[in-house]
Amino acid sequence: MDEFFRAAVEEAERGLAEGGIPIGSVLVHRGRILGRGHNRRVQRGSVVLHGEMDALENAGRRSAQVYRECTIYTTLSPCAMCSGAILLYGIPRVVVGENRPRLYASMLAAQALGVAPEDLHVTAGDTGASPLGHGAYASRQAVVAGNAVHLAARAVAEKARQAAATMLEVAPDDLELSGGVVRVKGADLKRTLGQIANALSGVAGFPLPASIKPGLDAAVDFAPPAITYTNGSHVVEVEVDPETGAVKLTRYVVVHDCGRMINPMLVEGQVHGGVAHGVGMTLYEWMRYDAAGQPLTVTFADYLLPTSVCLPPIEIHHLESPTPLNPLGVKGAAESGTIGAPPAIVSAIEDALRPLAIRITELPVTPERLLALIRAAQGNEQGL
């Protein structure tokens, strides 16, 4: 299985290199890869589906029986990010270290430096370059690593302006930074970031511009002064079959506020994925144990997971109220989809069965458990 996920990761890296979303897929039949695919610059719609469809197309025409026996492996590129950030210039480079996609690191650095995100090379998860990083959890990547990248990039930009001001014999306030060039406003006097980096690398017998410290780089470790919290609300419509205990989600709406959104597409994906996890833990996922504590749930045939068939279209409405607790004004985003789902779904089920006054006190709400509650409530009504 590991080799198939590695192959999917390779495809995800190809998708990222081509300017698409870093999602890759491989189609496997009886231990053999039939087709590989990745998202090809698709920015809207189901980015996962486009990667899987690409793998199916590359597999060629196959019989229906073969497709029924196939497994498709899909994964994100294992990009990483960390709480310490360093920016080094010759070739623009951003070094960060926690396991999250690198897309917003390049976006933040590019905004501060006046370059295109594709002009930046992000080194992720390298403890030799960025030793401080505690992992990807607790909705902390944009808050901690994002602000570290932002502050480091701004420090590099300011250092470039100071050096260029000396080289061009103008005041720093007379300069602007865009397109990888520091130029005098309204004039053709300019220096590229590469030229400035070369000057700051030092030349024997010549002083550095304005006695600035060598190297066009900066390192920042950002420690948030307080925890930020996402705001949101989930509203769910469900249909319950009282004869079987089956629950069907018919509509799902999320109103979400994670502060400033650096990359709205990534936030959308995180909320979608979070809601799917929340639906799973509410209706399907259950680790069972026997009286001796031995697990009875040992395969995915026993441990049910939500699929696209189980989920309605998820409507997301974004609000942006920047937090004052960090320079970017960002809050966490990843957990808000998961946390709101269970209470919203359970409340909707109880509301659908309001005449029976059912109270649900344990998860998951399987058809068997719900049907038992319905039968017990009906029996109480009839005085049985």
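The values are calculated or read from the model by the stated rules, or taken from the named source; none is laboratory data. All values derive from a computational prediction rather than experimental measurement. Heads up, the Cβs are rebuilt from the backbone with ideal geometry, glycines too, and the neighbour counts pull from every protein chain shown. Accessible surface areas use protein heavy atoms only, side chains included; no ligands, DNA or RNA. Shrake-Rupley method; radii C 1.70, N 1.55, O 1.52, S 1.80 Å.
What does the charge dipole of the range 259-384 about its Cα centre add up to, to the nearest 20 debye, if the Cβ of each Lys and Arg holds +1 and the Cβ of each Asp and Glu holds -1? Working shown, then result.
Values: 7 positive and 12 negative charges, 28 e Å.
Charge dipole, the range 259-384, about its Cα centre: 140 debye, nearest 20.
Please report the orientation-averaged projected area of the range 227-365, defined via the convex hull of its C-alpha atoms, in nm².
The orientation-averaged projected area of the Cα hull of the range 227-365 comes to 10.8 nm².
Once both labels are modelled 7 Å past Cα along the beta-carbon direction, what's the E158-S211 spacing in nm?
About 1.9 nm, to one decimal.
Spelling out what I want: for every residue of the range 352-365, take phi, set θ = phi - 60°, compute 6.51 cos²θ - 1.76 cosθ + 1.60 (Karplus), and round to whole Hz; glycine and proline get x.
Rounded to whole hertz, the list is 5, 9, 3, x, 8, 6, 7, 10, 9, 10, 8, 10, x, 8.
Using a 1.4 Å probe and ignoring any ligands, DNA or RNA, find the accessible area of K190 and quote it in Å² to the nearest 10.
Near enough 90 Å² of accessible area.
Kindly sort K331, K213 by accessible area of their heavy atoms, largest first, with the probe set to 1.4 Å.
Details: K331 25, K213 160 Å².
Largest to smallest exposure gives the sequence K213, K331.
Expressed in nm to one decimal, what extension gain is obtained for the pair E320 and S201 from 0.36 nm per residue of sequence separation less their Cα-Cα distance?
Full-extension gain reported as 38.7 nm.
Taking the range 256-295 on its own, what percent of its Cα-Cα pair distances exceed 15 Å?
59 percent
If you rank D173, D54 by how much accessible surface each has, with a 1.4 Å probe, what is the order from largest down? Could the numbers behind the result be given before it?
Values: D173 130, D54 15 Å².
Sorted descending by solvent-accessible area, the residues read D173, D54.
Kindly provide the GluC sites (Glu not before Pro) of the range 275-322 that DSSP labels as loop, not H, G, I, E or B, and whose Cβ sees at most 12 other Cβ atoms within 10 Å.
Filter output for the range 275-322: empty list.
Order the following by accessible area, largest value first: H256, H317. Probe radius 1.4 Å; ligands, DNA and RNA are ignored. Write down the numbers at each step before the final one.
On the way: H256 0, H317 95 Å².
Result of the area sort, largest leading: H317, H256.
Could you give the length gained on full extension between T166 and A372, defined as 0.36 nm per residue of separation minus the Cα-Cα distance, in nm?
Value of the extension gain: 66.2 nm.
Suppose every K and R has +1 on its Cβ and every D and E has -1 on its Cβ; what is the size of the dipole of the range 245-319 about the Cα centre, in Debye to the nearest 20? It would help to have the intermediate numbers written out before the result.
On the way: 4 positive and 6 negative charges, 26 e Å.
Charge dipole, the range 245-319, about its Cα centre: 120 debye, nearest 20.
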